[in-house]
1. Of all residues being aromatic (Phe, Trp, Tyr) and assigned to a strand (DSSP E or B) in the stretch 108-136, which is nearest to the chain's Cα centre (by Cα)? Just the residue, please.
2. Looking at the stretch 26-48, which of the residues that are modelled with pLDDT of 90 or more and among the aliphatic types (A, V, I, L, M) is farthest from Gly63 (Cα to Cα)?
3. Return a yes/no flag: does the stretch 88-107 have any residue that is without any contact (Cβ under 8 Å) to a residue 24 or more places away in the chain, part of a helix (DSSP H, G or I) and among the basic types (Lys, Arg).
4. Considering the stretch 112-139 alone, what residues qualify as being farther than 25 Å from Glu92 by Cα, touching a strand residue (DSSP E or B) at 6+ places or on another chain (Cβ under 8 Å) and of a type outside the set (Asp, Glu)?
5. Going by the conditions given, is Leu23 modelled with pLDDT under 95 and part of a loop (DSSP other than H, G, I, E, B)?
6. Using the structure shown, decide if Ile67 is assigned to a strand (DSSP E or B), touching a strand residue (DSSP E or B) at 6+ places or on another chain (Cβ under 8 Å), closer than 20 Å to Leu137 by Cα and at pLDDT 95 or above.
7. Looking at Glu74, Glu48, Glu28, Glu37, can you tell me which residue is touching a residue at least 12 places away in the same chain (Cβ under 8 Å), acidic (Asp, Glu) and surrounded by fewer than 15 Cβ atoms within 10 Å (Cβ to Cβ)?
Amino acid sequence: MKTSLLITEAPTQADLDVLGQGLTGFNERATGLPGWELRPFAALLRDEGRNTIGGAIGSSYYGWLAIDLLWLPESLRGTGLGRQIMELTEKEARARGCTGIRLDTFSFQARGFYEKCGFSVFGTLPDHPPGHTRYWLAKRFD
């Protein structure tokens, strides 16, 4: 079979499907667990006009809830809303039967906040971005 490699900033849905289905099939065979069973998640903070102004988004799969993004406007930080979002997220993760929650943050973001919420660092990547560190944190429900 003749092959070729290319770089693109615009993979098609078919491209994404081939890789996703291939990896999912491999993972199923390796773990004995069914597919990703990916379930989206959002804990949204809305204003009186029902406009989303902050919150957390992510998904659960393989028994963990992953927070991909968490954001609050600066004017609402320190008001307890961040902790409420994290508590709601944990409640949902437990309701889904998750083992825990994982997320990542940068050294100039909210590592201390997550640690106050019971998360522990399990990985670091220095100089990502240059001059800063990226941290991976998890909170396991035991």
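The values are calculated or read from the model by the stated rules, or taken from the named source; none is laboratory data. Here the structure is a predicted model, which means the values were calculated and not measured. No Cβ is skipped: glycine too gets one built from the backbone with ideal geometry, and neighbour counts run over all protein chains shown.
1. The extreme case among them is Trp136.
2. If we take residues in the stretch 26-48 being modelled with pLDDT of 90 or more and among the aliphatic types (A, V, I, L, M), then Leu45 is farthest from Gly63 (Cα to Cα).
3. Initial filter on the stretch 88-107 (without any contact (Cβ under 8 Å) to a residue 24 or more places away in the chain): 91, 95.
Checking the rest, the ones that are also part of a helix (DSSP H, G or I) come to 91, 95.
Retained after the next criterion (residues that are among the basic types (Lys, Arg)): 91.
Yes, some residue in the stretch 88-107 is without any contact (Cβ under 8 Å) to a residue 24 or more places away in the chain, part of a helix (DSSP H, G or I) and among the basic types (Lys, Arg).
4. Thr124, Leu125, Pro126, His128, Pro129, His132, Thr133, Arg134
5. no
6. Yes.
7. Going through Glu74, Glu48, Glu28, Glu37 in turn, the sole match is Glu37.
For (1) buried (at least 18 other Cβ atoms within 10 Å of the Cβ); (2) under 17 Å from Ala43 (Cβ atoms); (3) at pLDDT 95 or above, each residue gets a yes or a no:
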{"position": "Gly82", "(1), (2), (3)": "yes, yes, yes"}
{"position": "Glu115", "(1), (2), (3)": "no, no, yes"}
{"position": "Gly118", "(1), (2), (3)": "no, yes, yes"}
{"position": "Arg140", "(1), (2), (3)": "no, no, yes"}
